[in-house]
Amino acid sequence: MSTLIVAEKPSVARDIARVLGCKTRAEGALRGETYVVTWAIGHLVTLCEPDEIDPRYKKWRAEDLPILPEVLPTKVLPKTKSQFAVVKALMNARETERIVCATDSGREGELIFRYIYEQAKCKKPVDRLWISSMTDAAIREGFAKLRPDSDYDALHLSARCRAEADWLVGMNASRAFTLKYGALLSVGRVQTPTLKLIAERDEEIRSFLPEDYWEIRADFGDYQGLWQDPEKKDGRCRDAGLAARVKAETEGQSGTVIEARREEKNTPPPQLYDLTALQRDANRLFGYSAAKTLELAQALYEKHKLITYPRTDSRYLPRDMIGKVKKTLVAFGAPYAAFAERLLPDPPTPARVYNDRKVSDHHAIVPTGQQSDLGRLPDAERRLFDLVARRLIAALYPDYRYESAVVTTQVKNHLFRTTGQTPLVEGWKALYKGVEKADEVEQKVPQLAVGDVRTAQAVTLKAMKTKPPSAHTDASLLGLMEHAGRAVDDEALKEALKDSGLGTPATRAAVIERLIAVGYVVRNKKALSATEKGLRLMQVVPAQIASPEMTGRWERALSALARETDRGLISVRAERFMGSIRRYAAFLVEAARAADASVRFEQEPRKAGKGKARVTTLGRACPLCGQGEVTANQKAFGCSRWQEGCRFTIWRDQLTRQGGPAIGVNDMKKLLDGHELTVEQGILKLVQGRLTLSPRER
């Protein structure tokens, strides 16, 4: 008899097989004396499409909506059906006594396994391997602490509810709004509120009106002071006349120090990374998108074994990791060893790092202590590992301590404020010296006492303008997605939603990329902004689907379900959640029917079926037969009556063979309207349904 281990990816399966001594290769598996290791390839099983539930749903019809099946069946994905067949056969094999679920230790990994297990109609007992690191030691320890997979039923149902909610809301809303406006419109439970955040920032930028102001600085010889507005309590003078008057009244005049405060302050180290914090820093420092950072982190986790499980929402470690962290500090090589040595032999154990109550499914992202030649890592992976490594050491370092100075000097009846700080103990900032751009250095303030007299030797005016808010980046958007409840006005509700957000750390990157893929958002370097299509969608969808508050409520409910320990309440919570989702999907269909019909979207092709090209209509009559309409696919322009024999065809690459440009949709529309196009090779015309190229006049 043997135990079957099901990993999520082949690379993970190979690591587990090596540790367990499974060396014999078989089809889709690795065999040992008592273990057989097989793998999924990500998802092998997924939810069925509507037409796979009922063929009548293949054609999109408004009268069929909402589609609310009582049970959402699953199907085997065609591309990986051969591997599913292997896993199914091994699960149900007579010699297989038990199964170990070794998919990723998280919500999505649990669902991947449960879908496969159910689709295979397997009834064998299942244990769960739950690890946060892919080192050999972590794998061995995980197998020594296997738990029944039934202990993770709440996590599984939370994941299933999330998947089915996205299916019901996304499918019904997308079909309803697409049919209403005749354009492909993707509407989603998480992506639409995220789009709203971007659109709102764009509107703030568009409506921003810059205001003039002046900075007035007085030079007192050994320090400078910034004039203070007595009403606004800031350093901006909003009146040109007043600015000139302040200069005239104070320049060359004596001033008296009326305030001189000095106090020691400290800044604690930054917390360890969870995925969102790592994605934000990587975007801010290196310009990596959230999706790119997740990809790099997965490689460092799975391939190189250098960091712990990255898809985590915790920034703390359990106290039982104190010993492991010490071993990691000892194992550090250059350039980290010199910093780590200062923490040895007895590293501190601050509450900002170790807190059992604030560790959920996984702890914070930290290095594993695995030895590796970092010089051989690709540059992007090395940069990301550097962030994680420095953060662990920095989190254990002393506070940064400094002396803060505040001086107010009065000249006539005008006040000038001076601030500065003097470092006392470098502390954790030593880890980032010369690595990150230093904070703007404040001026050193001389020792002054109340009553000291100084002369304003020179007073300068600097004309300034207020600046609009910056466009969202992955970093700023991830911050808002993580804390969706902060945008809620109701204080009681804000407190209830403080731990909820839009999506999860593992899904937020995909949501941003999805918005770009469907044409709602564009990324220009770091900046994210809504397209015209995205802005129009915001005009027509109901406020509820675009509300971070509502999605935050759902995410909170799903998180509560995942943490439920009362087995009797798990299914009750799940049924209650799905009931609200079904009612909401029906509401969205009605909202689409009642939406503003005057809004227009550019016509787009729907996705074609398997093996068919995407076809769009140009809104022009065929120049050859005069009866059909000109259509376009990825390769050519043709006539909608081609099945009736019309031979009108213009290939998009007709000129590229001669070194010219490809012919685009707008180019073809101009040609069909009788215009000429000038290209490097000559002048293009459409004559009796044929493309002609004549030389340009010299």
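The values are calculated or read from the model by the stated rules, or taken from the named source; none is laboratory data. Predicted, not measured: the structure shown is a model, and the values here were computed from it. Here the Cβ positions follow ideal geometry from the backbone for every residue, glycine too, while neighbour counts run over all protein chains shown. Surface accessibility is based on the protein's heavy atoms, side chains included, excluding ligands, DNA and RNA. Shrake-Rupley method; radii C 1.70, N 1.55, O 1.52, S 1.80 Å.
A few points about this structure:
- Residue (of S133, G626, L272) at the positive-pole extreme of the chain, dipole from beta-carbon charges: G626
- FRET E, pair A334, A560, Förster distance 41 Å, beta-carbon r, rounded to 0.05: 0.35
- Extension gain, S580-D222: 0.36 nm per intervening residue step, less the Cα-Cα distance, totals 122.2 nm.
- Using heavy atoms of the protein chains and a probe of 1.4 Å, the accessible area assigned to C22 is about 10 Å².
- Entries in K232/K429; K124/K305; K75/K358; K247/K465; K59/K292; K433/K526 that, when Cα-Cα distance is taken, lie over 28 Å: K232/K429; K124/K305; K75/K358; K59/K292
- Segments 366-374, 275-283, 522-530 sorted - mean Cβ within 10 Å per residue, highest first: 275-283, 366-374, 522-530
- In order along segment 559-571, the Karplus-derived 3J(HN,Hα) couplings, from 6.51 cos²θ - 1.76 cosθ + 1.60 at θ = phi - 60°, round to 5, 5, 4, 4, 8, 4, 9, 7, 4, x, 8, 4, 5 Hz, and Gly and Pro are given as x.
- Cα shape, the chain, gyration tensor, a/c 1.5 rule: oblate
- With DNA, RNA and ligands ignored, accessible area of T409 (1.4 Å probe; Å², nearest 10): 0 Å²
- When L300, L480 are compared by accessible area at a 1.4 angstrom probe, the order from most to least is L480, L300.
- In nm, spacing of pseudo-spin labels at E295 and L535 (7 Å Cα→C-beta vector): 3.0 nm
- Summing Cβ point charges (Lys, Arg +1; Asp, Glu -1) relative to the Cα centre of the chain gives a dipole of roughly 2100 debye.
- Virtual paramagnetic centre 7 Å along Cα→Cβ of T46, amide N under 20 Å, in segment 181-210: 184-192
- Gyration tensor verdict on segment 299-361 (Cα atoms; rounded if a/c is under 1.5, prolate if a/b is larger than b/c, oblate otherwise): oblate
- Neighbour net charge for R98 - beta-carbon separation under 9 angstrom, K R +1, D E -1: -1
- For the residues E513, E590, a 1.4 Å probe over the protein chains yields an accessible-area ranking, largest first, of E590, E513.
- Per residue solvent-accessible surface (Å²) - the chain, probe of 1.4 Å: 51 Å²
- Shape call, segment 74-171: gyration tensor on alpha carbons, a/c limit 1.5: oblate
- Backbone N within segment 298-341 under 16 Å of label point (7 Å from A380 Cα along the Cβ vector): 298-304
- The orientation-averaged shadow of the Cα convex hull for segment 196-251, equal to a quarter of the hull surface, comes to 5.9 nm².
- Here Q271 and T616 are evaluated by their C-beta separation; at R0 = 56 Å the FRET efficiency comes out at 0.65.
- The residues neighbouring H414, those whose beta-carbon lies less than 13 Å from its own, together hold a net charge of +2 under the Lys/Arg +1, Asp/Glu -1 convention.
- Sites matching trypsin sites (Lys or Arg not before Pro) across segment 365-448 that sit in DSSP coil, with at most 16 neighbouring C-beta atoms within 10 Å: K412, K433, K437, K444
- Ligands, DNA and RNA left out, the 1.4 Å accessible surface of the chain is 49% carbon and sulfur atoms.
- Using only alpha-carbon positions in segment 553-594, the gyration tensor eigenvalues give semi-axes of 27, 10, 4 Å once each is multiplied by 5 and square-rooted (largest first).
- Label sites at A144 and E70, each approximated as a point 7 angstrom past Cα along Cα to Cβ, lie 5.0 nm apart.
- Neighbourhood net charge (11 Å Cβ-Cβ; Lys/Arg +1, Asp/Glu -1) for G42: -1
- On the basis of the beta-carbon distance and an R0 of 35 Å, M464 and A543 show a calculated FRET efficiency of 0.40.
- Our summary of shape: the Cα atoms of segment 138-268 have principal axis extents of 79, 57, 23 Å, ordered from largest down, in whole angstrom.
- Spin-label proximity, E403 to segment 260-297 - amide N less than 15 Å from point 7 Å beyond Cα toward beta carbon: 260-266
- Inter-label distance, E249 to E602: 5.7 nm, where each label sits 7 Å from its Cα along the C-beta direction.
- List E564, E141, ordered by accessible area with a 1.4 Å probe, largest first: E141, E564
- Potential extension, S571-Q634 segment - 0.36 nm per residue separation minus Cα distance: 17.9 nm
- One decimal place: the segment A527-K123 gains 140.4 nm when fully extended, by the rule 0.36 nm per residue minus the C-alpha distance.
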